[in-house]
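Below you'll find the structure, written out as structure tokens, and then a few comments.
The values are calculated or read from the model by the stated rules, or taken from the named source; none is laboratory data. Every value quoted in this text rests on a predicted model; they were computed, and no experiment measured them. When we count neighbours, we look across all protein chains shown, and the Cβ atoms used for this are built from the backbone with ideal geometry, even at glycine. Protein only, heavy atoms only, side chains kept; ligands, DNA and RNA dropped before computing areas. Shrake-Rupley method; radii C 1.70, N 1.55, O 1.52, S 1.80 Å.
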Amino acid sequence: MILTKSEEEIQLMREPCAIVRDCLKFVGDRIRAGMTTKDVDTLVYDFIKASGAEPSCLGYCGYPASACVSVNEVVVHGIPDERVLDEGDIVSVDIVAYKNGFHGDCCRTFCIGEVSEEKRKLVRVTEECFWKGIEGLKAGTPLYNIGYQVQRHAEENGFSVIRAYTGHGIGREMHEDPNVPNFGRKGTGVRLEAGTVICVEPMIALGTWKVKVLSDEWTAITLDKKSAAHYENTLVVREDGVEILTL
Ligand code: MF3
Ligand code: CO
């Protein structure tokens, strides 16, 4: 069931959403070659705690960290460890914070030092896919228009859309209805109502969209080991457009 939020609830969501936004700015200013993905997780944990919030991912279904730190071929849910970031890597940092009884969810993909033109284009197009996805989005828009618009932009640029993971509703729970796929048929799906809060999060790959999950049961990598990128914001559907809470 898709829950819509009252203005009071949306007001409460502003804080966790601002915290994840600011945290990713903080991480973006510091992330560099030579750091481990665990170092990135420590930055995230400390920032979220210092903001008076809780890292929602830590302990979620047994997930062992505060951030998902996904390097190159890792699509999502990279578990922070001793992997050292290297010049030329692209790294998505996906974080969720809990405060005021609500979650806020945001992801950015960072380039480490000099990155190949192909990977830089992937990172840029993935962010563009977010903006294309929400183009025209307002109360009454069919849900799968988002995915249709994301997919069209990704494929026009020669990239592919990850199918196995989707965006989602968010609120008192990190994952609420509806699922928000990054592919779909225009004009289909439920019509989104004003006050619905969703995460739109294109995950776009250079090569195949097929993924497999490693034996740690979290880390998802592309089958061809080519890079993928991820970009996400939490937003409210409004009568006349959207309000992005994590910008
Ligand atoms: N931002 C991720 C999502 O949208 C958070 C899930 S990671 C988990 O699904 F570890 F918490 F599962
Ligand atoms: Co999310």
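Laid out as a table, the results:
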{"item": "Check on residue 126, within 17 Å of residue 209 (Cβ to Cβ) and either aliphatic (A, V, I, L, M) or modelled with pLDDT of 95 or more (or both)", "result": "yes"}
{"item": "In region 189-246, the residues that are within 16 Å of ligand 1 (Cβ to nearest atom) and in contact with a helix residue (DSSP H, G or I) (Cβ under 7 Å, 6 or more places away or on another chain)", "result": "197, 200, 202, 204, 229, 230, 231, 233, 234, 245, 246"}
{"item": "Filter result for residue 96 (under 24 Å from residue 218 (Cα atoms), aliphatic (A, V, I, L, M), modelled with pLDDT of 95 or more and in contact with a helix residue (DSSP H, G or I) (Cβ under 6 Å, 6 or more places away or on another chain))", "result": "no"}
{"item": "Residue match in region 103-120 (condition: of a type in the set (S, T, N, Q), closer than 25 Å to residue 155 by Cβ, more than 16 Å from the chain's Cα centre (by Cα) and more than 16 Å from ligand 1 (Cβ to nearest atom))", "result": "yes"}
{"item": "Output for region 71-114, where each listed residue is among the aliphatic types (A, V, I, L, M), away from ligand 2 (no atom under 16 Å from the Cβ) and touching a Pro at 6+ places or on another chain (Cβ under 8 Å)", "result": "79"}
{"item": "Condition check for residue 166: without any contact (Cβ under 8 Å) to a residue 60 or more places away in the chain and within 15 Å of ligand 1 (Cβ to nearest atom)", "result": "yes"}
{"item": "Qualifying residue in region 184-199 (condition: open to solvent by 10 Å² or more (accessible area, probe 1.4 Å) and under 21 Å from residue 76 (Cα atoms))", "result": "yes"}
{"item": "Filtered residue count, region 8-29, keeping only those that are free of Cβ contacts under 8 Å to residues at least 60 places away in the same chain and closer than 19 Å to residue 247 by Cα", "result": "5"}
{"item": "Residue check, residue 87 modelled with pLDDT of 95 or more and touching a strand residue (DSSP E or B) at 6+ places or on another chain (Cβ under 6 Å)", "result": "no"}
